[in-house]
Amino acid sequence: MSNTNLGDAWKNKNVFRKQLELNMNEFSSYPPHWNASVQLIEHFNAINILDVGCGCGSFYKVCQDNLPNVSYTGVDYSEDAVELAKETWDPSSFFVKDVLDLTKEDIEPYDILYMGALLDVIPNADDVLEHILSLKPKSVIISRMKLTNEDSYFDTYTAYDEITTCAFYHNVENFVDMCNKNNYTITNIQDNYHLKRECDAGPDQIK
């Protein structure tokens, strides 16, 4: 299967309905990455966040329940995902937008760009992260990021019995270099990473 097909895999309405069903069951007992994300958003005193690759939008409810003073906006390249998120949560909080079409003007109003399950399921994740950091957001939370000492690579697997997608592993040295180049310091909670932009940052390291 080509990288193009893998990249378009998440345009399947049934996938997002199954994702929503799974998330509904997780609201009673959060998976670790949700708890870590909430902790990071609280710690860095965000007022608003942009959830890039929001899928069915379940992180909207996580924010509503735990971060009621944080304004949430979600974007996804899938029209079906955004339609389901609007129907389920709030029609004014979700929009269709491909991550590679985001501009500095799009992200400038937000304290945090949140990527909950984006970089781990696309075959061009290094390129996407490079694009995001080039826009110079104030800070970024990457949830469930997989790092490796090997060259960046991905494995394929079947998700929700519906699609073939990928599990992307980022080369750790390349990740740190990318953050250094764009003046981001890195804070890590489990496999969740908060990148904060510093105008005059020195050499960074994962804490």
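All conditions but one from (1) open to solvent by 30 Å² or more (accessible area, probe 1.4 Å); (2) assigned to a helix (DSSP H, G or I); (3) modelled with pLDDT of 95 or more apply to Y30; the one that does not is (2).
When N66 is tested against (1) within 15 Å of Y110 (Cα to Cα); (2) of a type outside the set (D, E, K, R); (3) open to solvent by less than 80 Å² (accessible area, probe 1.4 Å); (4) over 17 Å from the mean Cα position of the chain (by Cα), exactly one condition is not met: (1). Each residue in the range 124-146 was checked for being under 27 Å from T158 (Cα atoms), assigned to a loop (DSSP other than H, G, I, E, B) and open to solvent by 20 Å² or more (accessible area, probe 1.4 Å), and 3 pass. Within the range 100-117, the set of residues being open to solvent by 20 Å² or more (accessible area, probe 1.4 Å) and within 17 Å of W10 (Cβ to Cβ) comprises L100, D101, A117.
Residue pairs whose Cβ atoms lie under 6 Å apart, separated by 6 or more positions or on different chains, with the first residue in the range 88-114 and hydroxyl-bearing (S, T, Y) and part of a strand (DSSP E or B) and the second modelled with pLDDT of 95 or more and open to solvent by less than 50 Å² (accessible area, probe 1.4 Å), are Y114/I49; Y114/D51; Y114/I141.
Just one of (1) at pLDDT below 95; (2) of a type outside the set (S, T, N, Q); (3) not in a loop (DSSP other than H, G, I, E, B) fails for V121. It is (3). Flag: L22 matches the condition of being within 23 Å of T156 (Cβ to Cβ), modelled with pLDDT of 95 or more and out of contact with any Gly (no Cβ under 7 Å at 6 or more places or on another chain). Only residues that are part of a loop (DSSP other than H, G, I, E, B) and within 22 Å of Q19 (Cβ to Cβ) were counted across the range 148-198, and they come to 5. Scanning the range 48-63 for residues that are open to solvent by 10 Å² or more (accessible area, probe 1.4 Å), in a strand (DSSP E or B) and hydrophobic (A, V, I, L, M, F, W, C) yields a total of 0.
The values are calculated or read from the model by the stated rules, or taken from the named source; none is laboratory data. What you are looking at is a predicted structure, and each value in this text was computed from that prediction instead of being measured. Positions of Cβ are backbone-derived with ideal geometry, glycine not excepted, and every protein chain shown enters the neighbour counts. Ligands, DNA and RNA are excluded from the accessible area calculation, which covers all protein heavy atoms including side chains. Shrake-Rupley method; radii C 1.70, N 1.55, O 1.52, S 1.80 Å.
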